[in-house]
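Read the structure below first, then the notes.
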Amino acid sequence: IGQAFPYTPIANPRYMVAEWTFGIQEPQVQALVDEVRAKGARAVVLLSHNGADVDIKLASRVRGIDAILGGHTHDGIPAPVVVKNGGGQTLVMNSGSNGKFLSVLDLDVGTGGVSGYRYRLLPVFANLLPADADMAAYIDRVRQPHARKLGEKLAVTEGLLYRRGNFNGT
């Protein structure tokens, strides 16, 4: 199941998403979870771009989701947040931003559903990985027409700037 950032139409030009609807639509999510469970799903995972706070709230209000793998707020969450709800519990996790971490979630799934899990948040050391030559060439080609604008200095600071004040914001 997927859930996009509910404020996409506000955060982006409307013409880019003119045919789509957005919002925190708990009844629709609950109906979809109920539908896939009725069809025999033994595990339900929600891929989300809501942000950690919204994911945690959604997990508390929608029954039957085993795990939410989320994004948007760039939180590298070292251990799943276990959220209790009317149907049991939901694990909520985020992997940081820009490929800095890889979340590894192993679910133990049997005939009765999820009976256990293992989770690891692995750091990715990009400076130790060789760049993919084809992808690097593609990125260079796409950026080239905009190189001057992208290289323009907009501001200078003498101190450290923080992106956000939330838990582990990266």
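Things worth noting here:
- Of all residues in segment 1-35, those being closer than 17 Å to HIS72 by Cα and either touching a strand residue (DSSP E or B) at 6+ places or on another chain (Cβ under 6 Å) or charged (D, E, K, R) (or both) number 3.
- Test: residue in segment 123-136 that is in a strand (DSSP E or B), among the hydrophobic types (A, V, I, L, M, F, W, C) and at pLDDT 95 or above: no
- Segments classed as strands (runs of 3 or more DSSP E), wholly inside segment 41-115, with at least 2 members that are touching a Phe, Trp or Tyr at 6+ places or on another chain (Cβ under 7 Å) and more than 30 Å from ALA126 (Cβ to Cβ): none
- Number of residues in segment 1-26 that are out of contact with any Phe, Trp or Tyr (no Cβ under 8 Å at 6 or more places or on another chain) and either over 26 Å from GLY112 (Cα atoms) or at pLDDT 95 or above (or both): the value is 14.
- Whichever residue in segment 101-125 is touching a Gly at 6+ places or on another chain (Cβ under 7 Å) and closer than 23 Å to THR73 by Cβ and, among such residues, is surrounded by the fewest Cβ atoms within 10 Å (Cβ to Cβ): VAL124
- Some residue of segment 143-158 being acidic (Asp, Glu), over 22 Å from GLN30 (Cβ atoms) and surrounded by 10 or more Cβ atoms within 10 Å (Cβ to Cβ): no
The values are calculated or read from the model by the stated rules, or taken from the named source; none is laboratory data. In this text the structure is predicted, and so the values were computed from the model without any measurement. Here the Cβ is made from the backbone with ideal geometry for all residues, glycine too, and neighbour counts use every protein chain on show.
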